[in-house]
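> I'd like to ask some things about the structure below.
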Amino acid sequence: AENGYYLRRGFTRFYSREGSIFTDKQTSIKYKAESKNITLYGHHMDSTKTMFYELDKFMDVSFYKKNSVIEFDTLFRDSDYQVFAVFITNATPEQDNGNYFNYAQTDFESSEEFLAFVEQARVRSLIQNDVKVDADDELLTLQTCNNSFGEGDDKARLVVMAKRLDFGEKPVNVSLAKENPEPKYPQIWYDKKQQVNPFENEPVTQANATQRAKKTTVASSTTATSSTTA
């Protein structure tokens, strides 16, 4: 189904104001064919405090220290993931000088591309920690809307990104996690705050991200996650 299908449909496919938690249409959770990065979308339901409403709590370091591990189970496997990045980002390239970090990218052509993707998440993260992500790791990405710099389709995206813990692997101790003194935000955030963007002159992130974003994420997940404060 298209990403917008479950925007206002529940698990039974009938109308639901809250919609559902659903995977990006490019994501695979099939047996032994899981995407390298599984992306889930959900409404930020202010009125009922449901769906992905509580993702906001991950922006608080004290909450993160106590809740860094997420459980995500499918029909085919049960998995724990440890959060390593929490960030605010833009919905369209136009909100960041043509830049777009495609956090919903599902698969990668090389280890180098994957590790560069992870680094792009880290420099944006509001929280710094010691959770290591290797080239052979798998990711879980949770996304909802955020009011940091706009309303409606101009809303920010709050993204929580985690690495899958292998069987028997213990989560890293994150008791020393701290706030990132200078996370990377999109240009629109600095404009709203009337601040200078220290990253403004950096090259476009992920050379093919803008075109890919226009073809996939912007055309689908933006529609699927807009108006989520209802």
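The values are calculated or read from the model by the stated rules, or taken from the named source; none is laboratory data. Small disclaimer: the values here were computed from a predicted structure and weren't measured. Note: ideal-geometry Cβ built from the backbone for every residue, glycine included; neighbour counts use all protein chains shown. Only protein heavy atoms, including side chains, enter the accessible area calculation; ligands, DNA and RNA are left aside. Shrake-Rupley method; radii C 1.70, N 1.55, O 1.52, S 1.80 Å.
> Which ³J(HN,Hα) values, rounded to whole Hz and listed in residue order, are derived for segment 111-124 from phi using the Karplus coefficients 6.51, -1.76 and 1.60 in 6.51 cos²θ - 1.76 cosθ + 1.60 with θ = phi - 60°, glycine and proline given as x?
Once rounded to whole Hz, the list reads 4, 4, 5, 5, 5, 5, 4, 4, 5, 4, 5, 5, 5, 8.
> Okay, moving on. Suppose each label sits 7 Å from its Cα in the direction of the beta carbon; what would the GLU151-ASP78 distance come out to in nanometres?
Between GLU151 and ASP78, the simple spin-label model gives 4.5 nm.
> Compare the peptides 75-84, 171-180, 118-127 by average per-residue count of other Cβ atoms within 10 angstrom and give them in order, highest first.
On the way: 75-84: 17.3, 171-180: 14.7, 118-127: 19.7.
Ranked from most to least packed, the peptides come out as 118-127, 75-84, 171-180.
> Holding the Cα-Cα limit at 24 Å, pick out from LYS57/LYS192; LYS66/LYS163; LYS132/LYS170; LYS36/LYS155; LYS32/LYS178; LYS155/LYS193 the pairs that are longer than that.
Details: LYS57/LYS192 22 Å; LYS66/LYS163 17 Å; LYS132/LYS170 12 Å; LYS36/LYS155 27 Å; LYS32/LYS178 36 Å; LYS155/LYS193 15 Å.
Beyond 24 Å: LYS36/LYS155; LYS32/LYS178.
> Which is farthest toward the positive dipole end of segment 97-152 among SER110, LEU126, THR141, measuring Cα position about the Cα centre, with Cβ charges +1 (Lys, Arg) and -1 (Asp, Glu)?
Of the candidates, LEU126 comes out farthest on the positive side.
> Can you give the accessible area of MET59 in Å² (nearest 10), computed on protein heavy atoms with a 1.4 Å probe?
70 Å²
> While we're on this one: Which net charge results when you count Lys and Arg as +1 and Asp and Glu as -1 among the other residues whose beta-carbon is under 10 Å from that of PHE72?
Computed value for this residue: -2.
> Continuing with the same structure: Using amide H atoms built 1.01 Å from N in the peptide plane, name the residues 5+ places from PHE84, or on other chains, whose amide H lies under 5 Å from its own.
Under 5 Å from the amide H of PHE84: MET161, ALA162, LYS163.
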